[in-house]
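No lab work stands behind these numbers, since they all come straight from the coordinates. Remember, it's a predicted structure, so these values are computed and weren't measured experimentally. Cβ placement follows ideal geometry from the backbone for every residue including glycine, while neighbour counts extend to all protein chains displayed.
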């Protein structure tokens, strides 16, 4: 049973303000590639709210819509708090951030939310380090320990998937650990450096390739891994940093003739798209103008220090 004390904030869920419209792309895709047919949060469950849950959902929803910044949902283990939060998200129809104290609980909550919202985007955003050793010095033995780390490639992909989803649609739930409080670069730079392709529109193929390089993608005509692209005749294949599938762009002269997604292992066609977005391969992508200004400032500081 859920407690009748609904007076504070969602302890399990922190619901932020909606994504700024200036950063949201015009056509929200169902994956991070093509257009979505629906942006409505819809809970899929064999059960309906029962017991204290309907009152809890109504109270939490009322608090959110009236601008309450803090609410608390109380309840013992197994009382259906995750389900209550899911129904509250459905009622409020807002992009939602769920914070968990560690990776394990975040993974559990993400799985639960994916079961409740199979037709919406549920993203997992945690630290991508499998191992991290900061640099250290032990004076007693005059020992220096250099910094060492190991990055989990799949978790890095999921982090990119979360940021891409936030910029392409509104029906997004991000389940995160405390690592989400750390900065990841400028979202306007990230959004401003995307590649927007539509079938039937003219593009200079060389400009597409140059754009991919500016977005930190590496050309590799032999092995196509995450963050790489390759060119075969009039066909460009890109493996975005946030997707499991590969985007194939077929050109006819300077016109995009066809856009499809393919399985990177078998080459089997998965879907055909009329429009596709490709986001940068890194969260820290920087435009040429901003980079030039930074280089000038770095050089000025260098000259001051050398005097």
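At a Förster radius of 51 Å, what calculated FRET efficiency corresponds to the Cβ-Cβ distance of residue 55 and residue 152, to the nearest 0.05?
Details: r = 41 Å, r/R0 = 0.81.
Using R0 = 51 Å, I get an efficiency of 0.80.
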(request) Measure nothing fancy, just the Cα-based angle from helix 205-214's long axis to the longest principal axis of the chain, in degrees from 0 to 90, nearest 10. (result) 60
(request) Any chance you could give the angle, 0 to 90 degrees and rounded to 10, that helix 103-116 forms with the longest Cα principal axis of the chain? (result) 80
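So what is the 222 nm mean residue ellipticity for the chain from helices alone, if each DSSP H run of at least 4 adds -39500 (n - 2.57) and you divide by all residues, rounding to the nearest 500 deg cm²/dmol?
On the way: 7 runs with 90 residues, N = 307.
The per-residue figure over the chain is -9500 deg cm²/dmol.
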(request) Among DSSP beta bridges whose residues both lie in the chain, state the antiparallel percentage, nearest 5. (result) 75
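In whole percent, what relative contact order does the range 187-278 give with Cα contacts below 8 Å and a gap of six or more residues?
In percent, rounded to a whole number, it is 27.
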(message) Calculate the FRET efficiency for residue 244 and residue 307 from the Cβ-Cβ distance with a Förster distance of 45 Å, rounded to the nearest 0.05.
(response) 0.30
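Pulled fully out, how much extra length does the chain show between residue 222 and residue 108, if you take 0.36 nm times their separation in residues and subtract their Cα-Cα distance?
Values: separation 114, 0.36 × 114 = 41.04 nm, distance 3.78 nm.
37.3 nm is the gain from fully extending residue 222 to residue 108.
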(message) Just checking my list (i) 27; (ii) 21; (iii) 16 against percent of Cα pairs over 38 Å apart computed from this structure; which label fits?
(response) (i)
(message) Using a 7 Å offset from the Cα along the Cα-to-Cβ direction at both residue 252 and residue 202, what is the distance between the two label points in nm, to one decimal?
(response) 1.5
(request) Mind checking the full-extension length gain between residue 142 and residue 181? Use 0.36 nm per residue of separation minus the Cα-Cα distance, one decimal, nm. (result) 10.5 nm
(message) With the crude spin-label approximation of a point 7 Å out along Cα→Cβ, what separation in nm comes out for residue 270 versus residue 235?
(response) 1.7
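Only counting other Cβ atoms within 10 Å, I'd like 69, 170, 159, 230 sorted with the fewest neighbours first. If you can, show how the numbers build up before the last one.
Numbers: 69 10, 170 20, 159 24, 230 17.
Result, fewest neighbours first: 69, 230, 170, 159.
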